[in-house]
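Asker: Provided herewith is a single structure, encoded as structure tokens, for subsequent inquiry.
The values are calculated or read from the model by the stated rules, or taken from the named source; none is laboratory data. Only a predicted model underlies this, so the values are computations on that prediction, with no experimental measurement involved. Positions of Cβ are backbone-derived with ideal geometry, glycine not excepted, and every protein chain shown enters the neighbour counts. Heavy atoms of the whole protein, side chains included, go into the accessibility calculation; ligands, DNA and RNA do not. Shrake-Rupley method; radii C 1.70, N 1.55, O 1.52, S 1.80 Å.
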Amino acid sequence: MALLGFVQIPLTKVKSVRESLREKGLLKNFLKEHPYKMIQNQKIACHPLRNYLDMAYVGNITIGTPPQQFSVVFDTGSADLWVPSVYCKSKACVTHRSFKPARSSTFRLPGKNFELEYGSGKISGFLGYDTVRIGRLRTMNQVFGLSQLETGEAFEHGVFDGLLGLGFPSLALKGTTPIFDNLKKQGQISEPVFAFYLSTKEEGSAVIFGGVKKCCYKGELKWVPLTKPHYWQIALDRITWRGHIIGCLRGCQAIVDTGTTYLLGPYAEVDKIHSLMNAVPLQEEYLVQCNARDTYPDIVFTINNVDYPVPARTYIRKVRGQPWGCRSGYRGWAASQTWILGDVFLKVYFTVFDRGQNRIGLARAA
Ligand SMILES: *[C@@H]1O[C@H](CO)[C@@H](O)[C@H](O)[C@H]1NC(C)=O
């Protein structure tokens, strides 16, 4: 199966060690000044997501009047919304639902083209404005992309039609306002916050807009300031296995990305992890004995001096429909030192994305 990686590329230049240490020195003060408060009576919307074969989390939205429904990946690694258009003849479009502008009374055409490149494919087409609904949340005049050309197997075989980006405006197509910013501007939510609860089961996952619900996590949320509000990017202290540092030796950067299936790291570090796991390469994947799920130690990600263990049962994946082996949840990517904390990590930790204070909250998922 294809690797889903919906972080937008190219990545920004990775920070120097000194820069990230300096940022870490600032963390203590930051957290004293920004204690977390539960807010009463806020407009919170909980929107269901489906875990599609442990590869992606998808949810329904509608565009237009009357509403046309689409299934999209809610992706914190990009900032644009797009769906296939009825004018697209690519294989990926033919097998998915497509938007028909002529059938929407609220559609407007600004006459601009767009092009987007992701870790796993390329999209191009034109922009439009229309009413977009996520459950009971509604944004009017929301810009979105209508694809005319889609390349990449991920788009062809996925159950999702398009992508809904929840990254920062600076990451979005030039001159466009991402949907989350419009939800806030148009008074649909009270706090500029959203959160993800990613279940290991097919049903029960959710993206929560406008606040945080106690439903989905255990213990306290621990806050981590963003190192750069562009991606949802934070500083990672180190990665350890049985107390030995195996990755992110002098501190590094990590992007929290709901649109990436795996834990992605620099090739050299992921190779080291795979050799500790006795993983065997097979095409794009790494096979691991399934009984290792019961015997291997946690791999511990230390963020802001707090340990976030990822158990072997999570980082060694049992793949539905492929009973003859288990797969590593790690993948090498790029030569840069940046890690991507994808769904393998986010299934273990409920995650709050706080646009108001440029920080991320993490707690054990319930
Ligand atoms: C999306 O809508 C379809 C009906 O069109 C429904 O069967 C499905 O459960 C919905 N998905 C989610 C995640 O709510």
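Asker: Could you identify which residue out of Val352, Val86, Val58 has the top mean-square fluctuation in a GNM of the chain using Cα springs shorter than 10 Å?
Answerer: The residue that fluctuates most here is Val86.
Asker: Next question. At 0.36 nm per residue, minus the direct Cα-Cα distance, what do Val319 and Lys185 gain on full extension? Give it in nm, one decimal, please.
Answerer: Details: separation 134, 0.36 × 134 = 48.24 nm, distance 4.16 nm.
Using 0.36 nm per residue and subtracting the Cα-Cα distance, I get 44.1 nm.
Asker: Assign one of three labels to the range 128-173, namely rounded, prolate or oblate, based on the Cα gyration tensor with a ≥ b ≥ c the square roots of its eigenvalues; rounded applies when a/c is under 1.5, prolate when it is not and a/b is larger than b/c, and oblate otherwise.
Answerer: Prolate.
Asker: Multiply the residue separation of Gln283 and Gln69 by 0.36 nm, subtract the distance between their alpha-carbon atoms, and state the gained length in nm to one decimal.
Answerer: Additional length available on full extension: 73.4 nm.
Asker: Go through Met55, Met277 and list them by solvent-accessible area, largest first, probe radius 1.4 Å.
Answerer: Putting Met55, Met277 in descending order of accessible area: Met55, Met277.
Asker: Among Thr295, Thr151, Thr200, which one shows the biggest mean-square fluctuation in a GNM of the chain, springs joining Cα atoms closer than 10 Å?
Answerer: Looking only at Thr295, Thr151, Thr200, the biggest GNM fluctuation is shown by Thr295.
Asker: Another one. How large, in percent, is the carbon and sulfur part of the accessible surface of the range 45-209 at a probe radius of 1.4 Å?
Answerer: Exposed carbon and sulfur together represent 51 percent of the surface.
Asker: I would also like to ask the following. In deg cm²/dmol, rounded to 500, what helix-only [θ] at 222 nm does the chain give when every DSSP H run of at least 4 residues adds -39500 (n - 2.57) and the total is split over its residues?
Answerer: Working: 8 runs with 55 residues, N = 366.
Calculated at 222 nm, the ellipticity per residue is -3500 deg cm²/dmol.
Asker: Using heavy-atom solvent-accessible surface (probe 1.4 Å) with all chains present, what is the largest-first order of Arg327, Arg238, Arg293?
Answerer: Numbers: Arg327 5, Arg238 85, Arg293 35 Å².
Ranked list, largest accessible area first: Arg238, Arg293, Arg327.
Asker: Also, I was wondering about something else. Determine the relative contact order of the chain: mean sequence separation of Cα pairs under 8 Å and six or more apart, normalised by residue count, in whole percent.
Answerer: Relative contact order here is 20 percent.
Asker: While we're on this one: So what's the net charge close to Ala172: Lys and Arg +1, Asp and Glu -1, counting the other residues with Cβ under 10 Å from its Cβ?
Answerer: On the way: positive: Lys174; negative: Asp80, Asp181.
Local charge sum for Ala172: -1.
Asker: Ok, one more. Mean-square fluctuation check for the chain, GNM, Cα pairs under 10 Å: which of Arg317, Arg331, Arg242 is largest?
Answerer: In this elastic network of the chain, the residue with the biggest mean-square fluctuation among Arg317, Arg331, Arg242 is Arg242.
Asker: Please state the relative contact order of the range 45-209 as a whole percent: Cα pairs under 8 Å, 6+ residues apart?
Answerer: Working: 395 pairs, mean separation 52.1, N = 165.
Worked out over the range 45-209, it gives 32 percent.
Asker: Right, next: With every protein chain kept in place and ligands, DNA and RNA left out, what is the accessible area per residue of the chain? Probe 1.4 Å, answer in Å². If you can, show how the numbers build up before the last one.
Answerer: Details: 15850 Å² over 366 residues.
I get 43 Å² per residue for the chain.
Asker: Sort the following peptides by mean Cβ neighbour count (other Cβ atoms within 10 Å, averaged over residues), highest first: 243-249, 353-359, 152-158.
Answerer: 152-158, 353-359, 243-249
Asker: I'd like the FRET efficiency for Arg250 and Leu53, computed as 1/(1 + (r/R0)^6) with the beta carbon distance as r and R0 of 30 Å, rounded to 0.05.
Answerer: Computed FRET efficiency for Arg250 and Leu53: 0.25.
Asker: Keeping all protein chains in position, work out how much accessible area Leu362 exposes to a 1.4 Å probe, and write it in Å² to the nearest 10.
Answerer: Using a 1.4 Å probe on the heavy atoms, I get roughly 0 Å².
Asker: Please state the shape class of the range 45-209: rounded when a/c is under 1.5, otherwise prolate if a/b exceeds b/c and oblate if not, all from the C-alpha gyration tensor.
Answerer: Judged from the Cα gyration tensor, the range 45-209 comes out rounded (a/c under 1.5).
Asker: Here is a follow-up. Let's test the formula: R0 of 51 Å, r as the Cβ-Cβ distance of Thr106 and Asn305. What FRET efficiency results, to the nearest 0.05?
Answerer: 0.55
Asker: With label points built 7 Å along Cα→Cβ from the Cα atoms of Cys290 and Val159, find their separation and express it in nm.
Answerer: 2.1 nm
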